[in-house]
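Below you'll find the structure, written out as structure tokens, and then a few comments.
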Amino acid sequence: MRLAWTVRRNSYFDSIDLMRVAEQARQLAGVTEVAVVMGTPSGRSMLTEAGMWPAEAPEAGPSDLLISVRASTDTVAHRALACVEELLSAARDTELTRADVVPRTTASAARRSTSTNVALIAVPGAYAAIDAHQALSAGLHVFLFSDGVSIDDEVALKRRARARGLLVMGPECGTSIINGVGLGFANRVRRGPIGVVGASGTGIQEVTSLIHRLGGGVSHAIGTGGRDLHAAVGGLTTLQAVAALAADTDTALLLIVSKPPSAGAADAVLRAAVETRKPVVACLLGHEGATPAGVRAAATLEEAATAAVRLTAGAVRDLERPRPPAAGPRGAVLGAYSGGTLCDEARRIVGGGPSHRFVDFGAEEYTRGRPHPIIDPSQRNGAIVGAGDDPSVSVLLLDLVLGDCAHADPVGGVRPALAEARARRRGRDLAVVAHVVGTDLDPQGLERQEEDLRKLGAIVCTSNRIAAETARAIAEGRDAV
């Protein structure tokens, strides 16, 4: 393999633009990896650790762009570098045609539009808190996609927002739906009476997509950031969101989802939800505290969505179950996930001790200076290929996430890795169990994505819970039920 690299001086680009450019360049024949990151210490460190930045490379500052390509030959590598340069230039030209003068700060952008009321921030964590404070000063709510924000900065931002009557959704907020408008990775769902509050991006995506599949609808889905129910944060944004939905006449029921919360924050949030006098459904993964009267506790995201639809609509459509596969050889489950809450839920369902392994490729350790796996599957694809060489793994468990900002073809993104993994098995079985998070309204097409997975020999499940139970059954050498 050959490595080619370059530094593009004073060339700041939005992280989502960089993610898409890298993904497009990776499609070139002979290219195995492309990294396009800003020259921050964390970005350079990430490239060095991946073996994609040579020691002789010149120093770079946070406003410089680092481009690195690994390919089969020098010719292919330099062709990929040229492709990246062309894509970046096209992105910059498109940006300039949208406006004669591009705002250089959040504050100046806010001044240009009196109707704007929310700022979407996706910059490196070291700068994200500064931008968020600028947005609050301009009177804007904040959707903070960035990770790498300290918990002290998070608390300071959320307390300041609360004092100003504003919301800070994040940091690490992947999804919100406000008045039917999706932010981040949100899926397209019908409107309805169920208001969702989530300290979990893919948790919100799973429940809102299932609500849609089950025949229900969503009034709003307010993301709070995965640490909002941490003891140090105390549910600051979740409590604000609960109060907002309590006052919203279009919201008849509250559905609260969270990664494992602190006991104190969970108790405060559930008590506040009960005080709204609206029906409440809660799925707080790992929460072992008492559930107050008036709260319908759910053990899984699917159970929460089903309960919410049943309480608001009465009737619930059935979710399809996959055909029970023939019992295969016993072995371990490898859960390779792009969503942290989905990964945690599946781990709890599969159980079974240390032989099973679960990796959340959306965790900060994997996304610092790199694209999120919902946009760029390359890191997870490496793990998928690696499963082909591991004789202990009998089941590969995957989530594929649709949505407006997600990969344009998630199944197409993992197809080469699945083919390579199976080629390396040399006759040994490798079952693939997958769940597609999304709806028929999403641009990628839920039905098309599920059918493409089936063509690859995957067992396609309509919820993460069903997928995890199916994977466990196959690994245990029994038919799924």
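The values are calculated or read from the model by the stated rules, or taken from the named source; none is laboratory data. Keep in mind that what you see is a predicted model, and the values were worked out from it rather than measured. Glycine also receives a Cβ, built like all others from the backbone with ideal geometry; neighbour counts cover every protein chain displayed. Ligands, DNA and RNA are stripped out before the accessible areas are found, and what is left, the full protein with its side chains, is counted by its heavy atoms. Shrake-Rupley method; radii C 1.70, N 1.55, O 1.52, S 1.80 Å.
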Original post:
Is the stretch 301-311 home to any residue that is farther than 30 Å from Arg380 by Cβ, of a type in the set (Lys, Arg), open to solvent by 40 Å² or more (accessible area, probe 1.4 Å) and touching a residue at least 40 places away in the same chain (Cβ under 8 Å)?
Top reply: no
**OP:** Working carefully through the options Ala221, Ala268, find the one that is surrounded by fewer than 20 Cβ atoms within 10 Å (Cβ to Cβ) and among the hydrophobic types (A, V, I, L, M, F, W, C).
**Re:** Ala268
**OP:** Mind listing whichever residues of the stretch 370-404 are of a type in the set (Gly, Ala, Ser), surrounded by fewer than 24 Cβ atoms within 10 Å (Cβ to Cβ) and farther than 20 Å from Leu456 by Cα?
**Re:** Ser392
Subject >> Any pair with Cβ under 7 angstrom, 6 or more apart, that starts in the stretch 377-390 at a residue that is touching a residue at least 24 places away in the same chain (Cβ under 8 Å) and ends at one that is among the hydroxyl-bearing types (Ser, Thr, Tyr) >> reply: Arg380/Ser338
Original post:
Which of the following residues is small (Gly, Ala, Ser) and open to solvent by 10 Å² or more (accessible area, probe 1.4 Å): Gly314, Gly335?
Top reply: Gly314
**OP:** Among the numbered conditions (1) assigned to a helix (DSSP H, G or I); (2) touching a Leu at 6+ places or on another chain (Cβ under 9 Å); (3) open to solvent by 30 Å² or more (accessible area, probe 1.4 Å), tell me where Ala468 comes up short.
**Re:** (3)
Original post:
Do you know which residues across the stretch 420-461 are modelled with pLDDT under 95, assigned to a loop (DSSP other than H, G, I, E, B) and open to solvent by 70 Å² or more (accessible area, probe 1.4 Å)?
Top reply: Arg424, Arg426, Gly427, Arg428, Asp429
Original post:
In the stretch 6-16, how many residues are modelled with pLDDT of 80 or more and either outside any strand (DSSP E or B) or touching a Pro at 6+ places or on another chain (Cβ under 7 Å) (or both)?
Top reply: 6
Original post:
Does Tyr366 qualify as being out of contact with any Asp or Glu (no Cβ under 6 Å at 6 or more places or on another chain), of a type in the set (Ser, Thr, Tyr) and closer than 25 Å to Arg465 by Cβ?
Top reply: yes
**OP:** Quick one: Trp53 ticks every box in (1) surrounded by fewer than 18 Cβ atoms within 10 Å (Cβ to Cβ); (2) at pLDDT 90 or above except a single one, so which number is it?
**Re:** (1)
**OP:** Give, as residue ranges, the strands (runs of 3 or more DSSP E) completely inside the stretch 172-250 that count at least 3 residues that are more than 20 Å from Gly314 (Cα to Cα) and over 22 Å from the mean Cα position of the chain (by Cα).
**Re:** none
Original post:
Which is under 22 Å from Gly413 (Cα atoms), of a type outside the set (S, T, N, Q) and loosely packed, with under 12 Cβ neighbours inside 10 Å, of Ala25, Ala29, Ala77, Ala35?
Top reply: Ala29
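For (1) surrounded by fewer than 24 Cβ atoms within 10 Å (Cβ to Cβ); (2) of a type outside the set (A, V, I, L, M, F, W, C); (3) at positive phi, each residue gets a yes or a no:
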residue	(1), (2), (3)
Ala132	no, no, no
Ala135	no, no, no
Val142	no, no, no
Gly148	yes, yes, yes
Ala156	yes, no, no
Leu167	no, no, no
Ile178	yes, no, no
**OP:** Output the residues belonging to the stretch 372-398 that are closer than 23 Å to Glu206 by Cα, outside any loop (DSSP other than H, G, I, E, B) and touching a Pro at 6+ places or on another chain (Cβ under 9 Å).
**Re:** Ser378, Gln379, Arg380, Asn381, Ile384
Original post:
Mind checking whether some residue in the stretch 339-352 is of a type outside the set (S, T, N, Q), buried (at least 17 other Cβ atoms within 10 Å of the Cβ), at pLDDT 95 or above and more than 26 Å from the chain's Cα centre (by Cα)?
Top reply: no
